[in-house]
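The values are calculated or read from the model by the stated rules, or taken from the named source; none is laboratory data. All values reported here derive from a predicted model rather than from experimental measurement. All Cβ positions, glycine included, derive from the backbone under ideal geometry; neighbour counts span all protein chains shown. For accessibility, only protein heavy atoms count, side chains too; no ligands or nucleic acids. Shrake-Rupley method; radii C 1.70, N 1.55, O 1.52, S 1.80 Å.
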Amino acid sequence: MSIADQLEECQNRIAQACEQASRSIASVLLIAVSKTHPAQSVEVALNAGQRHFGENYVQECIEKINLLNSLRAEIIWHFIGPLQSNKTKVIAEQVDWVQSIDRLKIAQRLSAQRPTHLPPLQVLVQVNISGESTKSGVQPSETLQLCQEILGLPNLQLRGLMAIPEPGVGSTSLKELHTLFETIQSELGNYKHFDTLSMGMSDDLELAIESGSTMVRIGTAIFGKRD
Ligand SMILES: *Cc1c(COP(=O)(O)O)cnc(C)c1O
């Protein structure tokens, strides 16, 4: 199948999952994860109507943004991979969203390095939900505090939470993350921009949408298998 066909199939899966969960289609945003795939594939998906793209590796992300510079205004770039503090500057300068904030130091650097002529960097706090073997992500019990600290940083706009559950982790962990998301949303009171829960990939997007995800990050199902 072509990228355009796979993208359409993916949109259909999202629509069906939304219907199953009695949610509106507009409540779930699709991020096309283009890591390891060439800039050309991003352009094909863009021409098929996709606007949001996700990248995992700093160097590959920046290379692709540069290659597609003439289309920069049409693409919304999300950085979704691990971020070391010595790599924050290019990310702060080049992308629109960072979904993988898991410590204050990284958030502080991104805010300090975000050029002030650009809109605030949209950020998500990455949470390590139960059943994950990776070390990335903040513990659920420490998530509210990190969110509150980020609210004090001038060039970031906190938008919500992100998680990368292990395959087959089951709906309980996903629902726990949704509960944490709602708890923090209410703790933040008047703050109106905490509206995004990023979870769900090619294999579990239906479960994620059923569990309250508002943003799914899909690679394989759109661009095919990675090497
Ligand atoms: C690679 C990746 C995805 C996409 O995974 P697929 O299974 O290919 O859909 C989503 N989120 C993150 C953080 C990733 O690294």
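Data table
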read-out	value
The stretch 51-88 - residue that is within 14 Å of the ligand (Cβ to nearest atom) and part of a loop (DSSP other than H, G, I, E, B) and, of those, most open to solvent (accessible area, probe 1.4 Å)	TYR57
Residues located in the stretch 181-200, provided they are out of contact with any helix residue (DSSP H, G or I) (no Cβ under 8 Å at 6 or more places or on another chain), of a type in the set (S, T, N, Q) and over 23 Å from ALA32 (Cα atoms)	GLN185, SER186, ASN190
Candidate set: the stretch 116-137, residues that are farther than 20 Å from HIS193 by Cα and open to solvent by less than 50 Å² (accessible area, probe 1.4 Å); chosen: the one modelled with the lowest pLDDT	GLU132
Whichever residue in the stretch 163-180 is open to solvent by less than 30 Å² (accessible area, probe 1.4 Å) and in contact with a helix residue (DSSP H, G or I) (Cβ under 9 Å, 6 or more places away or on another chain) and, among such residues, is modelled with the lowest pLDDT	GLY170
One residue from ALA45, ALA32 being within 24 Å of GLN157 (Cα to Cα), surrounded by 17 or more Cβ atoms within 10 Å (Cβ to Cβ) and touching a residue at least 24 places away in the same chain (Cβ under 8 Å)	ALA32
Subset of the stretch 181-223 (residues that are more than 9 Å from the ligand (Cβ to nearest atom), of a type in the set (A, V, I, L, M, F, W, C) and more than 16 Å from the chain's Cα centre (by Cα))	ILE184, LEU188, LEU207
